[in-house]
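The values are calculated or read from the model by the stated rules, or taken from the named source; none is laboratory data. It should be emphasised that the depicted structure is a prediction, and the values quoted were computed from it without experimental measurement. Here the Cβ positions follow ideal geometry from the backbone for every residue, glycine too, while neighbour counts run over all protein chains shown.
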Amino acid sequence: MVGDAFLSAKASGDVGGQVRLLEMLGNGFNEAKRYGEALAFFERAIKTSSSNPDAGFPFMAYEGESQALAAQGKMSEAVNKPALSIYTNSWRLLSKSRAGLLAYPPDQKQKWH
């Protein structure tokens, strides 16, 4: 069922939908304790999202990836990887918003919130 939905999202160009469905597939594999396969789906969701900024931030993928890594006993990776990713993404978004603000003429800056 999720596989069909993923193919439909891919055919229609819905990148955000693809990311969410990859996250759900990864979560399913985590529930089944198939952590290696789960990690592959989470990594694909993260990669897809990072190459398409409009797809949003893949919170569920980072959360699921941490759970899979922790279940495999890789605690330092499970803790450090999501924190670094969230920091990096926040910095990218902040830089983007500052660039957008600077693109407006001085009299328009007050109107843009």
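Summary table
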{"quantity": "Residue that is nearest to Gln72 (Cα to Cα) [pool: residues in the range 1-43 that are charged (D, E, K, R) and surrounded by 18 or more Cβ atoms within 10 Å (Cβ to Cβ)]", "calculated": "Glu23"}
{"quantity": "Any pair with Cβ under 8 angstrom, 6 or more apart, that starts in the range 8-33 at a residue that is in contact (Cβ under 8 Å) with a residue 12 or more places away in the chain and ends at one that is surrounded by 21 or more Cβ atoms within 10 Å (Cβ to Cβ) and of a type in the set (S, T, N, Q)", "calculated": "Ala9/Gln18; Val15/Ser49; Val19/Ser49"}
{"quantity": "Residues of the range 44-57 that turn out to be buried (at least 22 other Cβ atoms within 10 Å of the Cβ) and in contact with a Leu (Cβ under 8 Å, 6 or more places away or on another chain), as a count", "calculated": "1"}
{"quantity": "Residue tally, condition assigned to a helix (DSSP H, G or I) and out of contact with any helix residue (DSSP H, G or I) (no Cβ under 6 Å at 6 or more places or on another chain), over the range 11-43", "calculated": "8"}
{"quantity": "First in the range 52-81 and of a type outside the set (Phe, Trp, Tyr) and modelled with pLDDT under 90, second anywhere and surrounded by fewer than 16 Cβ atoms within 10 Å (Cβ to Cβ) and outside any loop (DSSP other than H, G, I, E, B), Cβ under 7 Å, 6 or more apart", "calculated": "Ala55/Gly16; Gly56/Gly16; Ala78/Ala70"}
